[in-house]
Amino acid sequence: MGAEGVTAPRIVTVEDADDISQVGADLVADAIARNPAASLTAATGKSPMGLYSALAGRYRSGIFETNAVTVFQLDEYLCLTPGDRRSLLGWMRRSFLQPLGVSGDRVVPLPSDGDPREACAEFDQAVEARGSLDIAILGLGRNGHLGFNEPLSAAESPTRVVELSAVTLQDNARYWGSVADVPTRAVTMGMRHLLRARQVVLVVSGGVKRAIVHRALEGPVGPEVPASLLRTAEAEVTVIADRAAWGEG
């Protein structure tokens, strides 16, 4: 831990997104093998998809088991109807839970309809009952968000409803067809839990992320760039970035 409670995450630079997937999968597979009852959260979005595919290969090879893990959902759009194609829980099922053989009773979902305030409080209690997350697999938003913790999210922010920023709406439009198709409100696991995780794996890919990854890891630490708060975490934080994102350095 450095001056004023700031520390430097371990930065692993690799050639491309395929290398991110392999390095990240090795880290996560090893962590679950060491702690088969691990509690974890896993981002959706483009960046970690290759990691999940590589991790599933390690699972099929018998490197680790998942029958005792608990997966807490990281974020979700609000006010979706059951079966909505935009559901991030559905995306997580397809890309992470099913390939890893994680059964539905090992998943703690976020609320996506009704009045979520009480459900968010219950979600926080469920995380805290485990002590903390063991593993958080995260992507980096172009504005520095983690999950849907948008800029100005405080370090102690709980699970809550948020309004999505214009940048996030624009970036997520590619998944759903247009900006108009992206829900403007969401619910996100709070920074509180991400910063208390025992191990954080942050994957960053592509030149579009170069400015924000350097700002997060080398600029001022504060809620203006939520990812910069990882430098205040006591966790083992590993940032895996390809050369397009990090630069040739």
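The values are calculated or read from the model by the stated rules, or taken from the named source; none is laboratory data. As the structure is a computational prediction, the values presented were derived from the model and not from experiment. Note: ideal-geometry Cβ built from the backbone for every residue, glycine included; neighbour counts use all protein chains shown. Protein only, heavy atoms only, side chains kept; ligands, DNA and RNA dropped before computing areas. Shrake-Rupley method; radii C 1.70, N 1.55, O 1.52, S 1.80 Å.
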| note | The number of residues in region 214-245 that are open to solvent by 50 Å² or more (accessible area, probe 1.4 Å) and either in contact with a strand residue (DSSP E or B) (Cβ under 7 Å, 6 or more places away or on another chain) or at pLDDT below 95 (or both) is 3
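Conditions tested, residue by residue: (1) more than 21 Å from Pro109 (Cα to Cα); (2) of a type in the set (Ser, Thr, Tyr); (3) touching a residue at least 12 places away in the same chain (Cβ under 8 Å).
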| residue | (1), (2), (3) |
| --- | --- |
| Ala136 | no, no, yes |
| Gly139 | no, no, yes |
| Val162 | no, no, yes |
| Ser165 | yes, yes, yes |
| Val187 | no, no, yes |
| Gly206 | yes, no, yes |
| Ala211 | yes, no, no |
| Thr238 | yes, yes, yes |
| Gly247 | yes, no, yes |
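Identify, from the list Gly83, Gly101, the residue that is assigned to a loop (DSSP other than H, G, I, E, B), without any contact (Cβ under 8 Å) to a residue 60 or more places away in the chain, open to solvent by 30 Å² or more (accessible area, probe 1.4 Å) and closer than 29 Å to Val28 by Cα. Before the answer, list the steps.
Working: Gly83 fails: closer than 29 Å to Val28 by Cα.
So the residue among Gly83, Gly101 that is assigned to a loop (DSSP other than H, G, I, E, B), without any contact (Cβ under 8 Å) to a residue 60 or more places away in the chain, open to solvent by 30 Å² or more (accessible area, probe 1.4 Å) and closer than 29 Å to Val28 by Cα is Gly101.
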| Qualifying residues in region 37-70 (those that are in contact with a strand residue (DSSP E or B) (Cβ under 6 Å, 6 or more places away or on another chain) and surrounded by fewer than 22 Cβ atoms within 10 Å (Cβ to Cβ)) - the one farthest from Asp18 (Cα to Cα) | Thr70
| field | helices (runs of 4 or more DSSP H) contained in region 158-244 and holding at least 1 residues farther than 21 Å from Ile20 by Cα and in contact with an Asp or Glu (Cβ under 7 Å, 6 or more places away or on another chain) | value | 166-176, 191-196
| request: Identify, from the list Ser39, Ser53, Ser61, the residue that is under 26 Å from Val162 (Cβ atoms) and of a type in the set (S, T, N, Q). | output: Ser39
